[in-house]
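Below is one structure, written out as structure tokens; the observations come after it.
The values are calculated or read from the model by the stated rules, or taken from the named source; none is laboratory data. What you see is a predicted model, and the numbers here were worked out from it, not measured in a lab. Note that we place each Cβ from the backbone using ideal geometry, even for glycine, and neighbour counts take in every protein chain shown.
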Amino acid sequence: MSETANHFRFVATERRVREDRRFVAGKGHFVADIDLPDMRHVALITCPHAAARILRIDKSAALALPGVHYVLDGAELASATLPLMTGLDTPNVPRRPLAHEIARYSGEWVAAVVADSRALAEDAAEAVEIDYEPLPFVLDAEQALDAASPLVHEAHGSNVLLDKTFVWGEVEKDFAASAHTLSLRVKWGRSSTVPIETFGVVARWDPWREILDVWASIQMPRYADQIGAALKVPQTSVRVHYDVDVGGSYGVKRGIKHTVLVGYLSRRLGFPVRLIEDRLENMRGGDAHGPERLFDVDLAFDDKGIVRSMKMRALENLGAYAGRSPFQLGKPIGDIVGPYKINSVQYRALAVVTNKTTQDAVRGFGQAPTNVALERGMDEIATMLGIDPIEIRRRNFIRRDEFPYLIPSGTTYDSGDFHTVVDKALAATDYRELKAERDRLRAAGRLAGIGVAACLEPSGGNATFEALLNPSITTSTFMDSCRISIDGMGAVTATMHTTSSGQGHETLVGTVVGEVLQLDPDQIRVTRADSLNSLPSGTPVGSRMAIMLGGAAFHAAEKLKAKLVAIAAHDLGIPLERAIYERGSVHDRDAPQNKRGWADLVQIAYRSFHRMPPDMEPGLSVAHVYPVPTGGKLPTADGRVHMYPCVSFEFHLVLVSIDPDLGVPEIARYQIGHDCGTQINPKIVRGMTMGGVAHGIGAALYEEFAYNDDGQLIAQTFMDYLLPSSHEMPKVNVVDHETPSPFTVLGQKGSGESGYLGAPAAIANAVNDAVRSLGLSINTLPIRAAKLADMIEQAKSPRANNT
Amino acid sequence: MRIKLDINGTVQEVDTEPRTTLLDCLRDNLNLKGAHAGCEHGVCGACTVLFDGEAVRSCLMFAAQAEGTPIVTIEGVSPGPGELSPIQDAFCETHGMQCGYCTPAMVLVAHALLADNPNPKREDIVDAISGNLCRCTGYAQIIDAIALAAERLRGDNRPAELRS
């Protein structure tokens, strides 16, 4: 199945990324770079309490300051706009840009000040006086389940937004028939993607054209739809400009509440309005936190460690409101058994609201936490049975000759060769030597451990988990599109229909179109439409663009090529099957000297219409709207659905060394085996893996949106919410394997997530291997050095605890 | 207040408030948008400029404090419109970026490092960029870029017979 020979011209070659030229020169086009005439600036006033009734807002002192135009409160905004779209049908949990009557978390936006500059807006924000009546609150998800706890949304009647149990297969029977069972509890702490660019948006309402122009650092599916709906303007009155460079997102740049806020203000006030979050607004009130999840996992297995069945309960702490965030419990269903042949699964997805910041989508859409739960479980089985953790995984892996492989929850995995990827990774790192290194570190007094994790990256972004968790949703595909034109002078332009946040989509489109048309990709202009002249696009979510935008570009280019061939065949007077396309010209297979070159074909299509085949449209412009391969189905009555077309595979192998006194884990070695099928651009794929690993290291060891008992977010700057720097990032060695997908145009799969899906699990397993000899087991992430040091200290001298 | 700033080899007069940071002044008064705001509390380094050749955070300094000291921003690095410096070119060669937001700062840090140390070891590069956060890349291809730039600037990529 593995292919090593590259039969492509441009695909899978070490080509440069075309976007990079503008970025190294500081000439990106980020939202904060947009200066419109008469543009005014917003600063936000936030609630200082975990929950509070808003009693009075006195704007007079603020409005009296020079350069201040307006102070908007939640009551006015709520009367003029509709609540934001939510994924679940929870009408009594309305989500709005500004708190209305009650604020439900510390940092929630209560009012917005508009002034000539951001500095003046901040000055005025301090002059607004607000009286609050603090209310009881709940922070912990398990407490939120307790009927005696305060209700975050009283009208909803409980704090539970989602409680759904799925049973796929004969779970109880499989448990009864298994020789062993094991239970574990795993906690994933609240962290997020935290891009270096905060969210920003500029909106300009033009009352004469009745158009709201929006520039935003956005990565949001159905963004324009949601703006129009909330502002109660027709879809045709919202124009989102997709040519804004987004300074990192990894899922989280959803900014819908920000956009509705400034969209309303621009309409209300008659000038362009801009909101660029500062770091505090971003971390506290930007509604950009990620999952905070508690797992209870039961595994049933035999003497050899073959896992037969699993029960998983996942309890998600959503924060105060919900948009699409509860669906992050849904996506893991698409690979609920990971790379393993688990026969039956029971899965309970439970989501509660609390008085914490609202969540949004984070890289992997809920799978990184789930993968930690599963991979910690595999290690616990290995420990219990005394089997090597790599061996236990090998025994449970789906074998390469078993694909396509149907998992109990309804997804069919496309392809893979997990055993070979593991072999390659072990060979690349010399596993025996790695063990010897661990033992040398141990002998030198360090706590050292080796951790492994396997993970799948479902890719291709078909959001059928929506329908699984909310049956009123009937979405069964999530298309992407490409339009290609050869102009009247023969130059090629391809158009894409969404923003990008660093994934190199212009390079992707240029490479694929160049490959099909056999033209130098650098000669192909790639542009971005806006939302009023675009074709449908699902945006870069769900690790989908190589598959979906790549697929759309491929098919559009094939259509264009077919048109060129048809024109040439007609003009040459030969049957279609004899017309051969080669590098921009078409010749007669039987008489190669008879041909039509690029300029001839352009001339015919644009000007010599009398030479065109009958009934053919003039010009050379085509579009293709590409549905998700293998998509198009809704869930069955018993809760099974096929989700994503492809699974990529990654295997992580880590050596961690811990200072026994300080508890600081250092990553001494890091090896990855990686398989995402055909790599359209290897430089981009490598970057995605490395960046994902760094992000995963952060989630495993450093990053947490921690709250104190008063409900105050205490990690709200980069000095207390710690992103890995170059010092925390080890040298990572990646060995590639290539198992093409049979369902995609070039054999490609997704690659944006697996670094992040594997790293936290591998590091957690390595730390556990390091401290196991002390009788410790750590299943809470992030693994904080201080906490670890305390645990080690206590384990070494149990009585010290009592002094 | 009126101040004179020496930016990219040209002295320019700017009318700004005393409380304006150098970052805001560069972006809002001088239309130099290559320095980016990331945290505005001195941790992420996205606002880095060269201050008398040294990489500093323009968000932690008032514009007025910068008077009299030569400043180089990313806009002063390209040899000409559409042309890349060897360091910029090396970042393109290794794809030492993704979203591009921290990139101008990383390029400037590389300039400062290589001006000081033309033959850095990997650890030197890691140290030099450790004050600049990148959320996309995990730093690997940035480190590769700076190592490649150093190699090229030293001339190590010339054919052997042309090397001294």
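Looking at segment A:446-461, is at least one residue more than 18 Å from A:E650 (Cα to Cα) and assigned to a helix (DSSP H, G or I)? Steps first, answer last, please.
So in segment A:446-461, the residues more than 18 Å from A:E650 (Cα to Cα) come out as A:446-449, A:461.
Among the residues that remain, those that are also assigned to a helix (DSSP H, G or I) are: none.
Scanning segment A:446-461, I find no residue that is more than 18 Å from A:E650 (Cα to Cα) and assigned to a helix (DSSP H, G or I), so the answer is no.
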(request) Pick out the one residue from A:L713, A:L746, A:L757 that is more than 30 Å from A:M548 (Cα to Cα), modelled with pLDDT of 95 or more, more than 14 Å from every other protein chain (Cβ to nearest Cβ) and buried (at least 20 other Cβ atoms within 10 Å of the Cβ). (result) A:L713
(request) Residue by residue through segment A:751-794, note down the ones that are part of a strand (DSSP E or B) and over 25 Å from A:G673 (Cα atoms). (result) A:T780
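Please go through segment A:105-144 and pick out each residue that is part of a loop (DSSP other than H, G, I, E, B) and either of a type in the set (S, T, Y) or closer than 23 Å to A:W188 by Cα (or both).
A:Y105, A:S106, A:G107, A:S117, A:F137, A:V138, A:L139, A:D140
Looking at segment B:1-30, which of the residues that are outside any helix (DSSP H, G or I) and among the aliphatic types (A, V, I, L, M) is nearest to the chain's Cα centre (by Cα)? Reasoning before the result, please.
Going residue by residue through segment B:1-30, those that are outside any helix (DSSP H, G or I) are B:1-21, B:30.
Now drop any that are not among the aliphatic types (A, V, I, L, M), which leaves B:1, B:3, B:5, B:7, B:11, B:14, B:30.
Working: B:M1: 27, B:I3: 23, B:L5: 18, B:I7: 13, B:V11: 19, B:V14: 22, B:L30: 17 Å.
This residue is B:I7.
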(message) Please go through (1) more than 30 Å from A:M489 (Cβ to Cβ); (2) touching a Leu at 6+ places or on another chain (Cβ under 8 Å); (3) polar (S, T, N, Q) for A:N594 and return the number of the only condition it doesn't satisfy.
(response) (1)
(request) List the number of the failed condition for B:C136; all other conditions in (1) part of a loop (DSSP other than H, G, I, E, B); (2) surrounded by fewer than 21 Cβ atoms within 10 Å (Cβ to Cβ) hold. (result) (2)
(request) Filter segment A:170-212 down to the residues that are surrounded by fewer than 16 Cβ atoms within 10 Å (Cβ to Cβ) and small (G, A, S), then identify the one that is nearest to A:H241 (Cα to Cα). (result) A:S183
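Which members of segment A:643-677 meet the condition of being outside any strand (DSSP E or B), surrounded by fewer than 23 Cβ atoms within 10 Å (Cβ to Cβ) and not acidic (D, E)? If you could, list the steps in order and put the result at the bottom.
We begin by selecting, within segment A:643-677, every residue outside any strand (DSSP E or B); these are A:643-645, A:659-664, A:676.
Still in the list and also surrounded by fewer than 23 Cβ atoms within 10 Å (Cβ to Cβ): A:659-664.
Residues satisfying the conditions are A:P660, A:L662, A:G663, A:V664.
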(message) Given the criteria closer than 30 Å to A:L135 by Cβ and of a type in the set (D, E, K, R), does A:K164 qualify?
(response) yes
(request) Report yes if some residue within segment A:32-42 is surrounded by 15 or more Cβ atoms within 10 Å (Cβ to Cβ), in contact with a strand residue (DSSP E or B) (Cβ under 8 Å, 6 or more places away or on another chain) and among the charged types (D, E, K, R); otherwise report no. (result) yes
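Determine, yes or no, whether A:T357 is within 21 Å of the chain's Cα centre (by Cα), more than 16 Å from A:K164 (Cα to Cα), assigned by TED's automatic domain parsing to the domain that holds A:A761 and among the hydroxyl-bearing types (S, T, Y). So that I can check it myself, show each step before the final result.
Values: within 21 Å of the chain's Cα centre (by Cα): yes; more than 16 Å from A:K164 (Cα to Cα): yes; assigned by TED's automatic domain parsing to the domain that holds A:A761: yes; among the hydroxyl-bearing types (S, T, Y): yes.
Yes.
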(request) Working only within segment A:520-535, note down all residues that are more than 23 Å from the chain's Cα centre (by Cα) and more than 14 Å from A:R18 (Cα to Cα). (result) A:L532, A:N533
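Just name the residue that is nearest to the other protein chains (Cβ to nearest Cβ) out of those in segment B:65-98 that are among the hydroxyl-bearing types (S, T, Y) and closer than 25 Å to A:Q503 by Cα.
Here the answer is B:S78.
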(message) Anything in segment A:576-602 that is over 45 Å from the mean Cα position of the chain (by Cα) and of a type outside the set (D, E, K, R)? List them, or say none.
(response) A:H587, A:A591, A:P592, A:Q593, A:N594
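Where in segment A:1-81 are the strands (runs of 3 or more DSSP E), entirely inside, with at least 2 residues that are within 14 Å of another protein chain (Cβ to nearest Cβ)?
Numbers: elements: A:40-46, A:52-58, A:68-73.
Filter on segment A:1-81 gives A:40-46.
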(request) Search segment B:53-85 for residues being out of contact with any Gly (no Cβ under 9 Å at 6 or more places or on another chain) and assigned to a helix (DSSP H, G or I), and hand back the single one that is nearest to B:K33 (Cα to Cα). (result) B:S58
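Restricting attention to segment A:692-703, does a residue exist that is aromatic (F, W, Y), in contact with a strand residue (DSSP E or B) (Cβ under 9 Å, 6 or more places away or on another chain) and away from chain B (no Cβ under 11 Å)? It would help to see each step written out before you state the result.
Within segment A:692-703, the first condition is being aromatic (F, W, Y), and the residues that meet it are A:702.
Right, trim to in contact with a strand residue (DSSP E or B) (Cβ under 9 Å, 6 or more places away or on another chain) and you get none.
Checking segment A:692-703: not a single residue is aromatic (F, W, Y), in contact with a strand residue (DSSP E or B) (Cβ under 9 Å, 6 or more places away or on another chain) and away from chain B (no Cβ under 11 Å).
Out of curiosity, is A:A368 surrounded by 22 or more Cβ atoms within 10 Å (Cβ to Cβ) and under 22 Å from A:V732 (Cα atoms)?
Working: surrounded by 22 or more Cβ atoms within 10 Å (Cβ to Cβ): yes; under 22 Å from A:V732 (Cα atoms): yes.
Yes, satisfied.
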(request) List the strands (runs of 3 or more DSSP E) that sit entirely inside segment A:180-289 and contain at least 1 residues that are closer than 24 Å to A:M496 by Cα and outside the structural domain of A:S725 (by TED's automatic domain parsing). (result) A:200-206, A:211-216, A:238-241
(message) Every residue in segment B:99-133 that is surrounded by fewer than 24 Cβ atoms within 10 Å (Cβ to Cβ), facing chain A (nearest Cβ under 7 Å) and assigned to a helix (DSSP H, G or I), please.
(response) B:V126
(message) Take the residues in segment A:220-252 that are aliphatic (A, V, I, L, M) and within 14 Å of another protein chain (Cβ to nearest Cβ); name whichever of them is nearest to A:M85 (Cα to Cα).
(response) A:V252
(request) Please find, among A:S485, A:S472, A:S476, A:S501, the residue that is buried (at least 23 other Cβ atoms within 10 Å of the Cβ) and among the hydroxyl-bearing types (S, T, Y). (result) A:S501
(request) Filter segment A:270-317 down to residues that are within 14 Å of chain B (Cβ to nearest Cβ), among the aliphatic types (A, V, I, L, M) and in contact with a helix residue (DSSP H, G or I) (Cβ under 9 Å, 6 or more places away or on another chain), then give me how many there are. (result) 3
(request) Read through the list (1) assigned to a loop (DSSP other than H, G, I, E, B); (2) at pLDDT 95 or above, then give the number of the only condition that A:F327 fails. (result) (1)
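When you scan segment B:41-61, how many residues do you find that are among the acidic types (D, E) and in contact with a Ser or Thr (Cβ under 8 Å, 6 or more places away or on another chain)? Before you say what the answer is, go through the steps one by one.
Filtering segment B:41-61 down to residues among the acidic types (D, E) leaves B:52, B:54.
Next cut, in contact with a Ser or Thr (Cβ under 8 Å, 6 or more places away or on another chain) only: B:52.
Total meeting the criteria: 1.
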(message) Can you say whether A:H570 is at pLDDT 95 or above, in a helix (DSSP H, G or I) and within 24 Å of A:S481 (Cα to Cα), as far as the supplied structure shows?
(response) no
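Do the conditions hold for A:T780, that is, is it under 25 Å from the mean Cα position of the chain (by Cα) and either basic (K, R) or more than 22 Å from A:E650 (Cβ to Cβ) (or both)? Let's see the steps before the verdict.
Values: under 25 Å from the mean Cα position of the chain (by Cα): yes; either basic (K, R) or more than 22 Å from A:E650 (Cβ to Cβ) (or both): yes.
So A:T780 passes the test.
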(message) Against the definition (within 14 Å of chain B (Cβ to nearest Cβ), at pLDDT 95 or above and under 30 Å from A:G550 (Cβ atoms)), how does A:E728 come out, yes or no?
(response) no
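Across segment A:462-495, which residue is farthest from A:A529 (Cα to Cα) among those that are of a type in the set (S, T, Y) and assigned to a strand (DSSP E or B)? Reasoning before the result, please.
We begin by selecting, within segment A:462-495, every residue of a type in the set (S, T, Y); these are A:464, A:472, A:474-477, A:481, A:485, A:493, A:495.
Filter once more, keeping what is assigned to a strand (DSSP E or B): A:481, A:485, A:493, A:495.
On the way: A:S481: 11, A:S485: 13, A:T493: 12, A:T495: 6 Å.
So the residue we want is A:S485.
This table checks each residue for (1) crowded, with 24+ Cβ neighbours inside 10 Å; (2) polar (S, T, N, Q).
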| position | (1), (2) |
| --- | --- |
| B:L32 | no, no |
| B:L50 | no, no |
| B:Q65 | no, yes |
| B:P79 | no, no |
| B:A90 | yes, no |
| B:H95 | yes, no |
